[in-house]
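Novice: The structure follows.
The values are calculated or read from the model by the stated rules, or taken from the named source; none is laboratory data. Only a predicted model underlies this, so the values are computations on that prediction, with no experimental measurement involved. Ideal geometry is used to build each Cβ from the backbone, glycine not excepted, and the neighbour counts take in all protein chains shown. Only protein heavy atoms, including side chains, enter the accessible area calculation; ligands, DNA and RNA are left aside. Shrake-Rupley method; radii C 1.70, N 1.55, O 1.52, S 1.80 Å.
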Amino acid sequence: MSVKKSMSVWWESRHIPWLLWGIPALLSLLMFLALYIYRTEWNPLTVHDRYASVKKTAMAQGDYRTARIACERALEITRGDAYFKGRYPEHLFDLAVCLINLGRPTDARHLINTVAPFDTAESDYSYPPAHLYMAKVKWLETKERTPELIAQVERHLLRAATDSPEMAEAHQMLGELYLSRKDWEKAKLHLLKAADQRGDAYLLLALVSQGTGDPEGMRQWNGRAQQYYLQRLGAASKEDTGMRMGLARTYLLAEDFEKAADSFLVGYKRSGEPAYTAAIGAVYASWVESLKRKKAPAGEVLKRISQGLAFDNRNETLLMELVRLSRQGGETGEEAAKAVQSMLTAGASNGMLHFVLGVASLEKNDEAGAAAQFDLAFKESPELPQIANNFAMALAFGTNPDLKRALTVVEQLLVRYPNLPAALDTRGRIHLRLGDFSAAVVDLNAALPNLAGYEISIHTALAEAYDGLKLPELARQHRELAKPKGQAVPAVP
């Protein structure tokens with residue numbers, strides 16, 4: 001029977017009272033169906049969760065345009081709604097991350113400042129991950145870690161760790177910060193809170209134990225760190241440089257230099273990463289310094305120097321120790337001298353060797369010899385900052401100063417490393433010799449906070465510069481700060 005015929009039969013046989021009685025039931029059913037559709041598809045909670053899911057997926061995939069739209073839609077729903085109060089700062093921060101990745105950092109900065117307020121007063125919009133983000137940006141992207149910057153990082157981390165005590169990364173960063181200050185108690189407090197979730201904290205706790213004179217604690221934490229890094233490296237599908245570095249540090253802490261070098265060698269064979277050869281050279285440099293502290297035989301020291309230079313023939317520490325050994329005489333001294341001569345005549349460019357020969361000449365007050373070696377070093381390796389800086393100093397303050405060339409060399413260096421403190425100090429002193437006192441003050445003041453150990457020398461130079469500017473009070477203040485005098489001009493670390 002067709003639908004049309006069925007409807008015709010129904011119409012002819014209809015019973016009007018029954019039809020009227022059924023209308024309320026039909027309307028109730030329709031209302032219930034509409035309410036169900038609204039509750040499951042169009043109510044604010046469902047719509048919010050849908051946008052939040054789209055946002056999360058898009059951000060994970062790097063689709064920040066879609067994520068931005070989802071953030072904005074979610075913010076429209078959560079704005080001013082008490083039920084969504086806890087989600088509003090989250091969406092605001094995620095929107096800022098999207099804007100950063102879409103090339104709109106200025107707009108993003110305002111949003112981040114809203115959810116990561118620097119003021120310690122309570123804020124409804126304060127969002128722990130935003131505080132952690134700000135701390136990481138300031139710590140990792142700022143070249144000059146001034147006391148003011150460190151204080152800002154600490155405040156953001158403390159806010160993140162206080163508002164979200166389970167945030168292990170914030171506790172670990174706080175632990176590292178306090179460790180750098182040798183504030184062992186605070187460092188341990190925060191690192192213990194991070195250790196269950198972040199294996200890197202084991203190594204940091206070992207360093208805290210070392211700093212507090214607890215060798216057994218150091219051994220235990222260091223052992224746990226070794227197991228953590230070994231497990232991570234064993235489970236990794238490809239070479240993990242960060243884990244490899246952590247493992248090597250645990251071996252170095254235990255003064256197991258051979259295992260540290262072997263670990264880096266395994267990493268090099270797996271990845272072919274050239275940085276590993278420099279790391280092996282650094283391990284041997286630490287090994288040599290340890291042997292010297294223990295007054296090991298010169299032959300043993302030379303053996304480790306030679307092994308390290310086989311991996312990195314530009315390691316400054318190893319070359320310096322080789323040159324010093326070559327001047328001690330005896331059988332080992334002769335062997336070291338032959339090694340130096342062999343490196344010089346091998347034809348391979350090694351500006352670092354000439355650099356350390358220049359430093360050795362300065363130790364013997366041979367300025368002419370030092371200047372000649374620095375000149376050769378700069379010609380062969382002008383890209384190395386310590387070579388360029390020391391060459392500029394030799395040119396400016398040697399027996400036959402060439403201030404114009406010295407200024408050119410150091411300015412070329414500062415193009416590559418704009419905030420290098422030692423280079424700023426060098427340029428400031430050159431400006432001082434040239435009589436450009438204003439430029440000298442600018443450079444010397446910029447270098448002063450970041451050259452610990454050389455403050456007296458810099459204050460002395462600043463006093464001279466302020467004298468040149470006819471500012472006697474400032475000159476007097478710096479002379480007071482320069483007492484006692486006599487510090488050397490710094491080289492690039």
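Novice: Rounded to the nearest 0.05, what FRET efficiency do Leu403 and Val47 give with R0 = 51 Å and r taken as the Cβ-Cβ distance? Could you check?
Specialist: It comes out at approximately 0.10.
Novice: Another question, then. Of the listed values (1) 2.04; (2) 1.46; (3) 0.95, grab the one calculated as Cα Rg over 2.2 N^0.38 Å from the structure here.
Specialist: Entry (2).
Novice: On full extension of the chain, what length is gained from Leu102 through Ser306, given 0.36 nm per residue of separation minus the C-alpha to C-alpha distance?
Specialist: 68.3 nm is the gain from fully extending Leu102 to Ser306.
Novice: Moving to a separate point now. From the phi angles alone, apply the Karplus equation (6.51, -1.76, 1.60; θ = phi - 60°) to segment 260-273 and give each ³J(HN,Hα) in whole Hz, x where the residue is Gly or Pro.
Specialist: Each residue of segment 260-273 in turn: 4, 5, 5, 5, 5, 5, 4, x, 5, 5, 6, 10, x, 5 Hz.
Novice: Put +1 on the Cβ of each Lys and Arg and -1 on the Cβ of each Asp and Glu in segment 336-413; which of Ala406, Gln386, Ala346 then has its Cα farthest toward the positive end of the dipole?
Specialist: Ala346
Novice: Restricting attention to segment 220-290, which trypsin sites (Lys or Arg not before Pro) occupy a DSSP loop and are surrounded by at most 10 other Cβ atoms within 10 Å?
Specialist: When the trypsin sites (Lys or Arg not before Pro) of segment 220-290 are filtered for loop state and at most 10 Cβ neighbours within 10 Å, Lys238 remain.
Novice: Another one. Using only Cα atoms, find the angle between the long axis of helix 147-163 and the longest principal axis of the chain, and express it within 0 to 90 degrees, rounded to the nearest 10.
Specialist: For 147-163 against the chain, the angle is about 30 degrees.
Novice: Could you go through segment 308-320 in sequence order and give the Karplus-derived ³J(HN,Hα) for each residue, using 6.51 cos²θ - 1.76 cosθ + 1.60 with θ = phi - 60°, rounded to whole Hz, and x for Gly and Pro?
Specialist: Rounded to whole hertz, the list is x, 5, 5, 9, 9, 7, 10, 5, 5, 5, 5, 5, 5.
Novice: Using label points projected 7 Å from each Cα along Cα→Cβ, tell me how many nm separate Ser237 and Lys294, to one decimal.
Specialist: Roughly 4.2 nm, to one decimal.
Novice: Averaged per residue, what accessible surface does segment 228-369 expose to a 1.4 Å probe, in Å²?
Specialist: With all protein chains present, segment 228-369 gives 52 Å² per residue.
Novice: Go through segment 208-218 residue by residue and turn each phi into a ³J(HN,Hα) via Karplus (6.51, -1.76, 1.60, θ = phi - 60°); whole Hz please, and just put x for glycine and proline.
Specialist: 3J(HN,Hα) across segment 208-218, in whole Hz: 5, 4, 4, x, 9, x, 10, x, 5, x, 4.
Novice: Using the Cβ atoms and a cut-off under 15 Å, what net charge is assigned to the surroundings of Thr426, where Lys and Arg are +1 and Asp and Glu are -1?
Specialist: Neighbour charge sum, excluding Thr426 itself: +1.
Novice: What is the local net charge at Ser342, summed over the other residues whose Cβ is closer than 13 Å to its Cβ (Lys, Arg +1; Asp, Glu -1)?
Specialist: Net of charged neighbours comes to -1.
Novice: With just the Cα atoms defining each centre, how far is segment 187-227 from segment 285-344? Give it in Å.
Specialist: 34 Å
Novice: Would you work out which of Ala161, Leu102, Ser180 lies farthest towards the positive end of the dipole of the chain? Charges go on Cβ: Lys and Arg +1, Asp and Glu -1.
Specialist: Toward the positive end, the furthest listed residue is Leu102.
Novice: Starting from the amide H of Arg104, placed 1.01 Å from N in the peptide plane, find each other amide H under 5 Å away whose residue is 5 or more places distant or on another chain.
Specialist: none
Novice: Of all the accessible heavy-atom surface of the chain, with the other protein chains kept in place and a 1.4 Å probe, what percent is carbon and sulfur?
Specialist: 55 percent
Novice: Rounded to the nearest 0.05, what FRET efficiency do Val137 and Glu334 have when you use their Cβ-Cβ distance and R0 = 51 Å?
Specialist: 0.40
Novice: On to the next question. Take the alpha carbon atoms of segment 389-444, find their center, do the same for segment 359-375, and report the distance between the two centers in whole angstrom.
Specialist: 19 Å
Novice: Right, another one. Just order 425-434, 324-333 by mean Cβ neighbour count inside 10 Å, highest at the front, would you?
Specialist: So the order, starting with the most tightly packed, is 425-434, 324-333.
Novice: Once you charge only the Cβ atoms, +1 for Lys and Arg and -1 for Asp and Glu, what is the size of the charge dipole of the chain about its Cα centre, to the nearest 20 debye?
Specialist: The calculated dipole for the chain is roughly 1040 debye.
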